[in-house]
1. Residues of the range 148-165 with the amide nitrogen closer than 20 Å to a label point 7 Å from the Cα of Arg34, along Cα-to-Cβ, please.
2. Could you give the size of the charge dipole of the range 144-216 about its Cα centre, using +1 on the Cβ of each K and R and -1 on the Cβ of each D and E, expressed in debye and rounded to the nearest 20?
3. Restricting to DSSP loop positions (anything but H, G, I, E, B) with no more than 16 other Cβ atoms inside 10 Å of their own Cβ, which trypsin sites (Lys or Arg not before Pro) remain in the range 23-101?
4. Please report, as a whole percent, how much of the solvent-accessible surface of the chain comes from carbon and sulfur atoms (probe radius 1.4 Å).
5. For the range 67-220, what is the accessible area per residue in Å², given a 1.4 Å probe and the full set of protein chains?
6. Going by the alpha-carbon gyration tensor, a ≥ b ≥ c the square roots of its eigenvalues, is the range 1-87 rounded (a/c under 1.5) or, if a/c is not under 1.5, prolate (a/b greater than b/c) versus oblate?
7. Using only alpha carbon pairs under 8 Å that are at least six residues apart, calculate the relative contact order of the range 145-251 and give it in whole percent.
8. Would you please give the residues with an amide H less than 5 Å from that of Ser146, counting only those at least 5 places away or on a separate chain, with H modeled from the backbone geometry?
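The values are calculated or read from the model by the stated rules, or taken from the named source; none is laboratory data. Not measured: the values here are computed from a predicted model. Methodologically, a virtual Cβ is constructed for each residue, glycine included, from the backbone with ideal geometry; neighbour enumeration extends over all protein chains shown. Note: accessible area is taken over every heavy atom of the protein model, side chains too, but ligands, DNA and RNA are not part of it. Shrake-Rupley method; radii C 1.70, N 1.55, O 1.52, S 1.80 Å.
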Amino acid sequence: MLRWGILSTGVIAKNFAETARRMGGVELAAVASRSAQSAEAFGEAYGIAKRYASYEALAADPEVDIVYVATPHSRHYADMKLLIGAGKHILCEKSFTTDAAQAVEVLRMARERGVFVMEAFWTKLIPVYREVERLIADGAIGEVRSVTAQYGYTTGREARKFDAALAGGTLLDIGVYAIGFACMMLGYSFDDVLSQLILNEAGTDATDAILLRRGRAVAQLTCGIGFNMPTHGAVYGTKGHIDIPEFKNPERVTLFVDGEKPRVIEHPFEVNGYEYEIREAERCVSESKLQSELMTWEQTVSVMRIMDEVRRQNGMRFPFEK
């Protein structure tokens with residue numbers, strides 16, 4: 001059984017730990033925070049015996065095999081380099097890094113060191129998407145011409161979400177979901193990328209409008225923090241469409257074929273949806289793979305490059321970038 005470490009103790013780390021506990025058969029061996037008090041409280045809450053007050057201490061623990069990285073986007077690059085140097089396998093939260101160059105460097109190091117690394121883009125691992133992929137490949141909705149996705153939410157943590165020093169803003173936080181979804185439906189390279197970001201007082205993006213074109217198909221994506229939008233995606237073809245409520249983590253989709261009765265396809269979660277990325281990481285490590293065939297390194301880098309281009313078009317740079 002793989003022994004997991006958890007880097008950071010924020011909201012997403014708590015979701016991960018709760019999922020692992022409910023799954024059963026997943027060993028949470030250690031947790032690290034930059035605060036001893038936070039690590040102690042987290043370990044106590046989730047029954048984790050080893051509790052470290054530094055990331056370096058967790059990385060040095062020989063009894064940790066794989067680490068879930070749940071630190072802010074701005075730390076992913078440095079944290080993964082630390083862990084790879086220590087020979088740890090990694091499941092790293094999205095967005096994988098702050099830019100594609102960092103992602104390429106991290107993955108180069110992983111290949112050289114022979115460790116498994118995967119972006120924790122849970123959407124890609126959700127079971128109902130295997131059925132969506134099959135329907136599209138089989139031509140159930142004809143030639144795909146359009147993809148849409150929207151996602152927006154309000155939060156009492158806007159200052160944290162928009163903090164430029166943490167690579168904050170809508171794009172890296174939730175825009176990655178919409179872009180990743182579009183790539184899942186259309187492929188990971190595009191002929192055109194057009195975008196408009198509405199920046200806030202912190203200098204990061206509050207609202208994103210992104211248009212991607214691949215051949216005769218387009219993706220129209222809208223995301224924002226500070227206002228609510230139903231989380232919804234759809235794929236439109238020449239013979240019908242697939243409606244995907246909660247596109248970032250759907251349990252059901254509806255197939256509409258012209259002239260036929262709609263068909264609902266359901267794949268309920270076993271726990272809450274995070275279990276599939278945990279299982280995929282454990283499977284790959286057990287089979288001595290460096291990357292997942294479902295969530296590949298090339299796909300991670302491709303999405304990062306699209307986000308780089310969106311930021312370039314809108315002149316959005318983080319203060320730590322050269």
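1. 157-165
2. 340 debye
3. Arg34
4. Carbon and sulfur atoms account for 49 percent of the accessible area of the chain.
5. Per residue, the range 67-220 has 34 Å² of solvent-accessible surface.
6. Rounded shape, in that the Cα axes give a/c under 1.5.
7. Result for the range 145-251 is 38 percent.
8. Here the answer is Val218, Tyr236, since their amide H atoms fall under 5 Å of that of Ser146.
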